[in-house]
Amino acid sequence: MYASRRRGPATWLLTVFLLALLAPAIAAQSDASVLLLEDAAGDLTPSVGDVGGPNVASAPASKDLASLHLREGQEDLTFRVEYHPQDMVGEAPTNDLQIGFRHGQQRYVLDLADSTGQNEGDLLRIDGAGNAVRVAAIALTDLDENRVIEATAQRKHLIDESGAFPRPGSGLDEFWVLSQAPASPVDLRDADLAYHDAMPDEGVGDVSYEFQLGPVSTGSARVFSPAPARSSNGEAGIFLFQVVAVNEGDARETFLLKVADKPEPFQVTITEPRFDLEPGASRSVAVVASIPFQHQHGAFESFNITLQSVADADSHSRVELGIRYHAIPQPAGHHDTLWLHAHDDPDSFSPALGSPGSRVFMNALENDPNDHGVPIRAYSDFANRDSFTWRIELTPSLDIGLDFDLERVGTLEVPISTELPLVGTQVTAEFYHERPGSEAVERILLAAGAESEATDMQAGERRFVAIDLAPEPSADYVPYAPESQLVLDLRMDLAVPVARNERQTPAIEPGGSVRLPLNEFLDEVDDAFLAPGAFEVVAPRVQALINPGKTVVYDVELRNTLGGDQRIDLDLEGLNTAWARIASPSTIDLGAGETHALQVVVSAPPDAPDSDVSDVVLVATSLETGERSLTRFLTIVDVDAEYLDEVALAAEVPGKATPAPGVALLVALVGVAARVARRR
């Protein structure tokens with residue numbers, strides 16, 4: 001549950017339920033503001049502590065909501081809140097403001113403070129578990145002596161539930177606004193006195209806004225992606241996107257897929273850039289993005305994939321794909337420790353976040369600003385009092401895949417206290433991956449462990465629980481899935497049940513953490529390169545581990561299966577191509593059925609860090625037909641073991657076939673293959 005960084009009376013978060021309403025779309029003009037909500041004057045509601053008062057026609061030193069407007073730009077959206085004019089006894093020092101809305105099924109909140117000179121705010125994304133995830137800072141502008149507030153959010157931050165960006169055909173709905181301000185100095189006899197207003201007074205607005213700007217398809221071409229945005233911690237990564245090309249015309253056409261507007265460090269490979277489509281037919285094409293190491297938590301970078309008809313220059317479409325760098329890192333190899341935090345806000349209720357309550361949550365921040373530092377009591381149904389449980393969710397929720405090292409174990413350390421004497425306590429921990437299923441949530445057990453011995457606890461005692469977590473085979477590789485969650489279930493079993501009339505339960509104290517045996521997660525993209533290409537490519541191995549300063553040699557045999565003489569261009573694309581070279585002329589001639597032996601030679605720099613990668617694709621393109629074949633080679637830096645330096649095996653003469661490796665090398669490769677299978 002989101003806790004505002006500006007503490008005020010909890011009651012200003014009104015009990016407004018988000019209703020799914022059918023809403024007429026507004027025909028928007030991109031160069032003008034569109035009115036979304038209006039609110040009558042004189043309906044401010046005072047509150048003292050946790051007790052709300054009646055509506056008042058005039059309230060001292062507060063702001064009475066009048067309207068909400070939206071203006072769409074090419075790069076951003078501007079939300080404009082206007083207040084009714086009032087004769088103030090004294091101006092309030094600050095005014096807290098929340099603007100809520102929905103893009104598709106994805107909810108957002110603009111959390112703002114519009115006091116003079118402060119002009120700050122946050123864009124929050126509400127995940128499937130009801131957690132508020134900070135996406136980006138929001139720029140505020142005060143106009144007309146603070147009677148008008150404008151908040152500007154960038155379009156690229158407002159993705160829908162599938163990760164799609166704002167575009168014609170999609171839009172926003174379920175708008176609401178909440179405003180709260182402290183009383184004026186004359187009413188400061190009670191420091192808890194405040195005034196608030198809601199727009200609309202109940203529920204959410206009954207209008208929607210349809211985007212007018214963004215990628216537009218023309219002619220018969222249409223391209224989209226079911227999941228156009230992915231997440232990264234900033235480590236070197238490999239991301240697999242799927243784009244779907246559609247021929248909406250009435251004739252067979254040839255189409256081209258191209259990369260545009262790519263950030264400089266990105267390497268993007270389209271596995272099938274040219275193809276034919278029958279009328280009404282579609283084709284799913286893999287797009288592999290290799291991203292170098294770059295820590296920039298909170299940022300977002302994107303690129304475009306365009307679909308172009310070969311026959312008609314006016315028939316084209318575009319889809320934007322991107323990488324989101326979370327402000328709070330996701331669990332992975334370099335962020336393998338999760339800290340337990342306490343949220344205790346039983347009196348608050350936000351229309352964005354759902355029901356109130358106290359809970360334990362976890363994330364990769366050792367010091368989370370939303371951690372209240374209080375004990376959180378266990379759950380019990382008070383019927384069978386021989387066990388107590390805590391459900392601890394990752395906050396923000398899981399937005400990447402997971403890759404556990406099955407040869408290592410994790411550790412859980414958590415302090416637990418009790419106000420009652422407890423006999424024979426024994427704590428069990430289970431980690432689950434949860435994702436939406438066709439009928440119910442699918443739960444996959446990732447790791448588990450339990451205390452080996454039962455322990456009695458005295459009334460008022462606090463003890464430190466330490467548990468080893470053994471990963472399950474199912475945790476070896478957990479692919480990315482939208483709307484997933486990582487959950488820790490803790491259970492304390494008792495040898496002697498607690499009396500049924502006793503309402504106290506044990507509590508988790510501040511200071512707990514868990515360390516998971518995680519590798520850096522990389523999408524498995526090899527299957528994306530298995531589609532039949534223009535040439536037959538044989539490579540005995542396509543991935544290896546390497547020490548800094550050493551070399552790996554990949555032997556490749558290329559065969560012309562197109563028929564007829566072919567002039568073939570050879571090139572490397574991907575991540576850290578500076579590490580790699582092709583031991584062959586860059587252009588070769590092959591007759592029908594002829595083969596050519598070459599090598600891809602990868603040398604890691606002496607200062608290459610652990611887990612850094614060279615992820616390169618050998619591209620063989622026919623200069624006669626334009627058809628091509630792709631073969632991917634993944635090389636991962638490992639500093640924990642010694643690997644053979646294969647520099648002597650690299651061909652000295654470009655194009656010279658390389659002898660088969662000796663027995664010593666084959667033995668070494670067996671060990672490498674086993675380690676690569678674990679690390680990917």
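A few notes on this one:
- Taking the 1.4 Å solvent-accessible surface of segment 407-461 as the whole, the part contributed by carbon and sulfur is 45%.
- Distribution of pairwise C-alpha distances over segment 575-657, 5 Å bins, in %: 3, 11, 21, 22, 18, 11, 7, 4, 2, 0
- Solvent exposure ordering (accessible area, 1.4 Å, most first) of 63, 258, 156: 258, 156, 63
- Of the listed residues 509, 413, the order by accessible area with a 1.4 Å probe, largest first, is 413, 509.
- Computed with every protein chain present, the accessible area of residue 318 is close to 90 Å² [probe 1.4 Å].
- Rounded accessible area per residue of segment 364-404, 1.4 Å, Å²: 42
- Among the protein heavy atoms, those of residue 388 account for about 0 Å² of accessible surface (1.4 Å probe, every chain in place).
- Counting heavy atoms of the protein chains alone, residue 293 has an accessible area of about 120 Å² for a 1.4 Å probe.
- Stretching the chain fully between residue 610 and residue 248 yields a gain of 125.5 nm (0.36 nm per residue, less the alpha carbon separation).
- When 638, 312 are compared by accessible area of protein heavy atoms, the largest-first order is 312, 638, using a 1.4 Å probe.
- Whole-number accessible area per residue in Å² for segment 454-599, which is evaluated in the context of all protein chains at 1.4 Å: 45
The values are calculated or read from the model by the stated rules, or taken from the named source; none is laboratory data. Everything numeric here is computed off the predicted structure, so don't read it as measured data. Surface accessibility is based on the protein's heavy atoms, side chains included, excluding ligands, DNA and RNA. Shrake-Rupley method; radii C 1.70, N 1.55, O 1.52, S 1.80 Å.
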